[in-house]
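The values are calculated or read from the model by the stated rules, or taken from the named source; none is laboratory data. What you see is a predicted model, and the numbers here were worked out from it, not measured in a lab. Ideal geometry is used to build each Cβ from the backbone, glycine not excepted, and the neighbour counts take in all protein chains shown.
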Amino acid sequence: MEILKPKIAIIGCGNVGSTFAYSLMISGLAREIVLIDANPEKAKGECMDLNHGASFVHPVKICASGYEGSEGADIVVITAGAKQKPGQTRLDLAETNAKIFKDIVPNVTKHTKDAILLVVTNPMDILTYVTLKISGFPVGRVLGSGTVLDTSRFRYMISEHCKVDPRNVHAYIIGEHGDSELPVWSNASIGGMLLNKYCPACNKSCDYSKVLGGIFEEVKNAAYKIIETKGATYYAIGLALTRIVEAILRDENSVLPVSTFINDYYGIGDICLSIPSIVNKGGVQKFLRLELSDLEQRQLRESAKTLKGIISKLKI
Ligand code: NAD
């Protein structure tokens, strides 16, 4: 079998998997994309639809396959499994999707001993931990999409309020990708100016502590709102995944809040959650031991405790 590099395998070609494939195809980052789904007809259909745009993008081979097609993949992106129904939390999916992962992960690792595994399916932090344990891969090579999406929502909403380019907003959401996530206000800045200095100086005369609190609530509840309206979220996560894959394939040493194995950080250990981390061709090189305020430390410990509570009930 001829393998074209870089090669990305996508497990699960539903809303998220197929939107990511589309974004990846347009990016020109991959030379080969393999689509794998429990429903092979769905994978075939997505593959045909994508390939019919081949004359508009850089050369890329896209095919549908069984797990054997993941052989030689540089990155395997797992988006397969159940999604939230309106009103359901991400954590409600833990048991169902952990069961699915017990089947998927060994099937993937049978063919891809050297790949980086990127977990997207919710509850993403828990499934990143499950994938790490089942695969036996080194910690750097198993990561989750983390709060890269939540952080992008956060930067967008701050930028809209403050009328600045979102790329000049440096602010992170950390912890669980879910209800216990937290904003790191203590380090948030615009153009190098901490928000607690920027806001009083901007002459907008808004009640900024109230406004910022409202922005975080909107970020946290964004997925619920979108699911209520259109049933699923997929465009922004498709772009977030393309960004993570870019950082890996181009060996960028980019700082991204991916979900990674955390040990010995403010009393937190043996858990996967999101902290800004350096991402390069080896996966996660290390997470940054951000200095957090007392409140943020407490919130992060609570977030870790929530995740640990769920993990302890799963039979991994
Ligand atoms: P979807 O229902 O549209 O697609 C899921 C796909 O997985 C389906 O095509 C299904 O056939 C396939 N599948 C199910 N079991 C499988 C198995 N054992 N092997 C292979 N394929 C299998 O769902 P979606 O909207 O694409 O969402 C997928 C997941 O991504 C959900 O868990 C969702 O909550 C999550 N998600 C995560 C983020 C994030 O930021 N991490 C963002 C959006 C969605």
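Just one residue in the set 255, 279 is within 19 Å of residue 79 (Cβ to Cβ) and assigned by TED's automatic domain parsing to the domain that holds residue 152; that residue is 279.
Only one entry in 172, 156 is without any contact (Cβ under 8 Å) to a residue 40 or more places away in the chain and assigned by TED's automatic domain parsing to the domain that holds residue 261, namely 156.
Candidates 249, 241, 194: the one that is in the same structural domain as residue 297 (by TED's automatic domain parsing), surrounded by fewer than 17 Cβ atoms within 10 Å (Cβ to Cβ) and not polar (S, T, N, Q) is 194. For segment 44-58, check the following and say yes or no: at least one residue is in contact (Cβ under 8 Å) with a residue 12 or more places away in the chain and closer than 26 Å to residue 133 by Cα. No, there is no match, as no residue in segment 44-58 is in contact (Cβ under 8 Å) with a residue 12 or more places away in the chain and closer than 26 Å to residue 133 by Cα. Apart from one condition, residue 34 fits all of (1) over 13 Å from residue 11 (Cα atoms); (2) in a strand (DSSP E or B); the exception is (1).
Picking from 8, 3, 62, 26, which residue would you name as being among the hydrophobic types (A, V, I, L, M, F, W, C), more than 15 Å from the ligand (Cβ to nearest atom) and part of a helix (DSSP H, G or I)?
On inspection, the qualifying residue turns out to be 26.
For the structure I just gave you, tell me whether residue 136 is among the small types (Gly, Ala, Ser) and either touching a strand residue (DSSP E or B) at 6+ places or on another chain (Cβ under 7 Å) or more than 14 Å from the ligand (Cβ to nearest atom) (or both). For residue 136, the condition - among the small types (Gly, Ala, Ser) and either touching a strand residue (DSSP E or B) at 6+ places or on another chain (Cβ under 7 Å) or more than 14 Å from the ligand (Cβ to nearest atom) (or both) - is met. Checked against (1) more than 6 Å from the ligand (Cβ to nearest atom); (2) closer than 16 Å to residue 14 by Cα, residue 81 meets all criteria but (1). Determine whether residue 96 is at pLDDT 95 or above, surrounded by fewer than 22 Cβ atoms within 10 Å (Cβ to Cβ) and within 11 Å of the ligand (Cβ to nearest atom). It is true that residue 96 is at pLDDT 95 or above, surrounded by fewer than 22 Cβ atoms within 10 Å (Cβ to Cβ) and within 11 Å of the ligand (Cβ to nearest atom). Selection of helices (runs of 4 or more DSSP H) fully inside segment 140-236 by the criterion of at least 3 residues being within 16 Å of the ligand (Cβ to nearest atom) returns 148-162, 208-230.
Applying the condition of being exposed (fewer than 15 other Cβ atoms within 10 Å of the Cβ) and of a type in the set (Asp, Glu) to segment 30-82 and asking which residue is nearest to residue 19 (Cα to Cα) yields 49.
Can you find even one residue in segment 293-304 that is within 16 Å of the chain's Cα centre (by Cα) and farther than 20 Å from residue 178 by Cβ? No: segment 293-304 contains no residue that is within 16 Å of the chain's Cα centre (by Cα) and farther than 20 Å from residue 178 by Cβ.
Every condition in (1) within 14 Å of residue 144 (Cβ to Cβ); (2) touching a residue at least 40 places away in the same chain (Cβ under 8 Å) is met by residue 95 except one, and the failing one is (1).
Does segment 239-247 include one or more residues that are in a strand (DSSP E or B) and at pLDDT 95 or above? Break it down into steps so the answer makes sense when it comes.
Going through segment 239-247, the residues in a strand (DSSP E or B) turn out to be none.
Within segment 239-247, not a single residue is in a strand (DSSP E or B) and at pLDDT 95 or above.
Do we have residue 18 as under 25 Å from residue 227 (Cα atoms) and either in a loop (DSSP other than H, G, I, E, B) or in the same structural domain as residue 108 (by TED's automatic domain parsing) (or both) here? Yes, satisfied. What do you reckon, is residue 255 surrounded by fewer than 21 Cβ atoms within 10 Å (Cβ to Cβ) and in a strand (DSSP E or B)? Against the criterion (surrounded by fewer than 21 Cβ atoms within 10 Å (Cβ to Cβ) and in a strand (DSSP E or B)), residue 255 qualifies.
Being within 14 Å of the ligand (Cβ to nearest atom) and more than 20 Å from residue 241 (Cα to Cα), is that true of even one residue in segment 117-128? Scanning segment 117-128, I find no residue that is within 14 Å of the ligand (Cβ to nearest atom) and more than 20 Å from residue 241 (Cα to Cα), so the answer is no.
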